[in-house]
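Values quoted throughout were computed directly from the atomic coordinates according to the rules given, and no laboratory measurement underlies them. In this text, all values refer to a predicted model and were calculated from it rather than measured experimentally. A quick note on method: Cβ atoms are made from the backbone with ideal geometry, for glycine too, and the neighbour counts reach across all protein chains shown.
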Amino acid sequence: MSPLNPVQLSDLLQVLGPGRSVYLVGSGGCGMSGLGHLLLDLGHTVAGSDLTLNEEIRRLRARGALIHIGHRGEQLRDARPALVVYSSAIRASSVAPLCWRR
């Protein structure tokens, strides 16, 4: 899947509508955490995972995001997201994206 440009992302978020759940794999990185804050600002529910706890994850959690440490397929399955986004730092063969593709 190719990356979305800003117009495509805007269109996608409008189609999703507010309040939908978005799961971010690699949530603690600078790009993904920024996206998490934007999604929260827009009224979406944010869940996700990352390998290590950091300050960005703490900030997202403080705003109500459910961020797990470690990538496990059941976390993604249980979140039942309308959209899954994963960082370019995450290999496509990681557990969470594979679970999503099935």
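Quick look at the values:
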{"quantity": "Karplus-derived HN-Hα couplings along the stretch 65-75 (A = 6.51, B = -1.76, C = 1.60, θ = phi - 60°), whole Hz, x at Gly and Pro", "calculated": "6, 9, 10, 8, 9, x, 9, 10, x, 5, 5"}
{"quantity": "Over the chain: Rg over Rh, Cα atoms, Kirkwood Rh", "calculated": "0.93"}
{"quantity": "Three-way shape label, the stretch 1-52, alpha-carbon gyration tensor, a/c 1.5", "calculated": "oblate"}
{"quantity": "In sequence order, calculated HN-Hα J values of the stretch 76-85 (Karplus, 6.51, -1.76, 1.60; Hz; x Gly/Pro)", "calculated": "5, 4, 5, 6, 6, x, 7, 8, 10, 10"}
{"quantity": "Debye, to nearest 20: dipole size of the stretch 19-101, +1 on Lys, Arg Cβ, -1 on Asp, Glu Cβ", "calculated": "160 debye"}
{"quantity": "Charge dipole of the stretch 19-101 about the Cα centre (unit charges at C-beta), most positive-ward option of 83, 25, 37", "calculated": "83"}
{"quantity": "Overall form of the stretch 25-81 per C-alpha gyration tensor (a/c, 1.5; a/b vs b/c)", "calculated": "oblate"}
